[in-house]
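Have a look at the structure below before the remarks.
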Ligand SMILES: NC(=O)c1ccc[n+]([C@@H]2O[C@H](COP(=O)([O-])OP(=O)(O)OC[C@H]3O[C@@H](n4cnc5c(N)ncnc54)[C@H](O)[C@@H]3O)[C@@H](O)[C@H]2O)c1
């Protein structure tokens, strides 16, 4: 049994789906602070009665609840943990740092303590490109200096540091996956990106198309990039989810602790994303140009060569158009 914390959220639900469809039994622990019980219901329906698909259980609860975690790890005979549960709004983290250090950092320590107590040895951790801060070199490799410019990134760097100590002292093996921009939706269109508030570009553009938001503002068009707008690395959420399975299976097969970037390796500008949405939905998208946002680097693109080489990971949806198409299926459907 694999414990997936945050499995009612965007990325967690796709990770849970891939695990289930690869025959793993999954228990989701989620306090539904930003996740959705409807997502869990859909996951159950997707898995129900299908041959070769694992069993899904949902437990409503918090990663800070030690008693609950210990009983879960023991009673469900959990072999590995995938820890996604966290808050991830950069702006909010700068206004309310305690909320982030508490939920993202302290509660990760609680999970690790419970794992030690119950003899669970493997964990895959959701880290982020935000650990790098302002890039000194792109594409960004795992050796790039770690220098977060916001509390959200710092809360994740601390967990990575804590993981190193738990490996050294208690022999916990971990894979920390530093995701770049997760995007798109499961090919079924039944689960997808659902954040409130939404801060990610592709769903925001789709909300504009669907009349769910009045205005679409591009923050700055005078960056040193070909079209003047920021370039980011969008990775399909299913590709991201599949990397978790490779990481888990490698850990369960005896691999040591690792840190990997997860991105597509090719960047797309904000304008390219808007144009691609426009093409996919067959409608012009109206937007205006605003001021640059403080702390937004011009280009953030990952090198994912390490995970490709060591775990054989390969993106199945490298094209922006395919990522946008899958997102549209979810938003429109
Ligand atoms: N979305 C991205 O592009 C992106 C990029 C880099 C890293 N990440 C990381 O990936 C993870 C998942 O992100 P997401 O976009 O799916 O976010 P999300 O908000 O959709 O999912 C997070 C889930 O965790 C749950 N949760 C939060 N705190 C909890 C707690 N204390 N106990 C139990 N459940 C709790 C929420 O209810 C939610 O279901 C996060 O750790 C985030 O930092 C996301």
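None of the figures in this text is laboratory data; all of them are computed from the coordinates on show. Nothing here was measured: the structure is a model prediction, and the numbers come from that model. Note: ideal-geometry Cβ built from the backbone for every residue, glycine included; neighbour counts use all protein chains shown.
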- prompt: Using the count of nearby Cβ atoms within 10 Å as a rough guide to exposure, how do 82, 299 rank from fewest to most?
  reply: 299, 82
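Give the shape of segment 94-165 as rounded, prolate or oblate, defined through the alpha-carbon gyration tensor: a ≥ b ≥ c are the square roots of its eigenvalues, a/c under 1.5 means rounded, and otherwise the shape is prolate if a/b is larger than b/c and oblate if not.
Values: a/c = 3.38, a/b = 1.49, b/c = 2.27.
It comes out oblate by the Cα gyration axes.
Shape of segment 118-222 from its Cα gyration tensor (a ≥ b ≥ c, root eigenvalues): rounded if a/c is under 1.5, otherwise prolate when a/b > b/c, or oblate?
Values: a/c = 2.83, a/b = 1.63, b/c = 1.74.
It is oblate, given that a/c is not under 1.5 and a/b is not larger than b/c.
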- line: With 0.36 nm assigned to each residue of separation and the Cα-Cα distance removed, residue 76 to residue 309 gains 80.5 nm
- prompt: Rounded to the nearest 0.05, what FRET efficiency do residue 134 and residue 198 have when you use their Cβ-Cβ distance and R0 = 30 Å?
  reply: 0.75
query: How long is the gain from residue 32 to residue 101 if the chain were fully straight, where each residue apart is worth 0.36 nm and the alpha carbon distance is subtracted?
result: 23.0 nm
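Report the relative contact order of the chain, percent, no decimals, based on alpha-carbon pairs under 8 angstrom and at least 6 residues apart. Display every interim value, and only then the final one.
On the way: 673 pairs, mean separation 62.2, N = 333.
Relative CO of the chain lands at 19 percent.
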statement: Residues 58, 180 in order from fewest to most other beta-carbon atoms within 10 Å are 58, 180
query: Hey, rough spin-label estimate for residue 45 and residue 255, points 7 angstrom out along Cα→Cβ, what's it come to in nanometres?
result: 3.5
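What does the C-alpha gyration tensor say about the overall shape of segment 3-78? Classify as rounded when a/c is under 1.5, otherwise prolate if a/b is larger than b/c, or oblate.
Details: a/c = 2.24, a/b = 1.31, b/c = 1.71.
Oblate, since a/c reaches 1.5 and b/c is not below a/b.
Could you compute how fast the chain diffuses translationally, taking Rh as the Kirkwood radius over C-alpha pairs and applying Stokes-Einstein at 10 °C with viscosity 1.306 mPa s? Give it in µm² per second. Don't skip to the end; give the middle numbers.
Values: Rh = 20.2 Å.
Translational diffusion coefficient: 79 µm²/s.
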- prompt: For segment 182-259, what's the relative contact order in percent, using C-alpha pairs closer than 8 Å and at least 6 residues apart?
  reply: 31
query: Taking other Cβ within 10 Å of each residue's Cβ, how do 107, 292 sort, fewest first?
result: 292, 107
- prompt: Which whole-angstrom value gives the distance between the alpha carbon centres of segment 179-240 and segment 132-149?
  reply: 22
statement: For residue 212, placing the label point 7 angstrom along Cα-to-beta-carbon and taking segment 78-113, residues whose amide nitrogen sits under 19 Å are 88-89
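Roughly what % antiparallel, to the nearest 5, for the DSSP beta bridges in the chain?
5
If I take every Cα pair under 8 Å that is 6 or more residues apart in segment 252-303, average their sequence separation and divide by the length, what percent do I get for the relative contact order? Mind showing how you got there, number by number?
Working: 21 pairs, mean separation 32.0, N = 52.
For segment 252-303, the relative contact order is 62 percent.
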Acute angle (nearest 10 degrees) that the helix 107-118 long axis makes with the longest principal axis of the chain, alpha-carbon atoms: 30
field: Residue-averaged [θ]222 nm for the chain, counting only DSSP H segments that reach four residues, each worth -39500 (n - 2.57)
entry: -12000 deg cm²/dmol
